[in-house]
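Taking it in order: structure first as structure tokens, then the write-up.
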Amino acid sequence: GMGVADEREVFVVNVANEPGALGEVARRLSDANVNIDLAYTTFGGVRLVFGTDDVLSARQTLAT
């Protein structure tokens with residue numbers, strides 16, 4: 001019975017299942033001056049979902 005209040009573009013990153021994986025991705029985005037607005041993991045895998053203030057720059061940063 002709940003309505004959708006808002007939609008936004010996010011992107012998914014596959015990460016290693018090891019301590020510091022989230023921190024490494026966050027540091028790379030920070031170094032590129034991309035702010036993380038939201039982050040969460042997916043069910044059943046080692047994948048992170050991010051919403052940022054600049055999805056294009058975030059994707060480009062993490063593609064390298």
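The values are calculated or read from the model by the stated rules, or taken from the named source; none is laboratory data. Fair warning: this is a prediction, and the values are worked out from it, not measured in the lab. All Cβ positions, glycine included, derive from the backbone under ideal geometry; neighbour counts span all protein chains shown. The area values use the complete protein model at the heavy-atom level, side chains included, leaving out ligands, DNA and RNA. Shrake-Rupley method; radii C 1.70, N 1.55, O 1.52, S 1.80 Å.
Here is the figure for region 19-45: residues that are at pLDDT below 95, under 12 Å from the mean Cα position of the chain (by Cα) and either among the basic types (Lys, Arg) or part of a loop (DSSP other than H, G, I, E, B) (or both) total 1. The set of residues from region 31-51 being open to solvent by 60 Å² or more (accessible area, probe 1.4 Å) and of a type outside the set (A, V, I, L, M) comprises Asp31, Asn33, Asn35, Asp37, Tyr40, Thr41, Phe43, Gly44, Arg47. For Ala16, which of the numbered conditions (1) surrounded by fewer than 12 Cβ atoms within 10 Å (Cβ to Cβ); (2) assigned to a strand (DSSP E or B) fails to hold? (2) is the only condition that Ala16 fails. Conditions: (1) surrounded by 13 or more Cβ atoms within 10 Å (Cβ to Cβ); (2) more than 11 Å from the chain's Cα centre (by Cα). Arg8 meets all but one. Number of the miss? The one condition Arg8 does not meet is (1).
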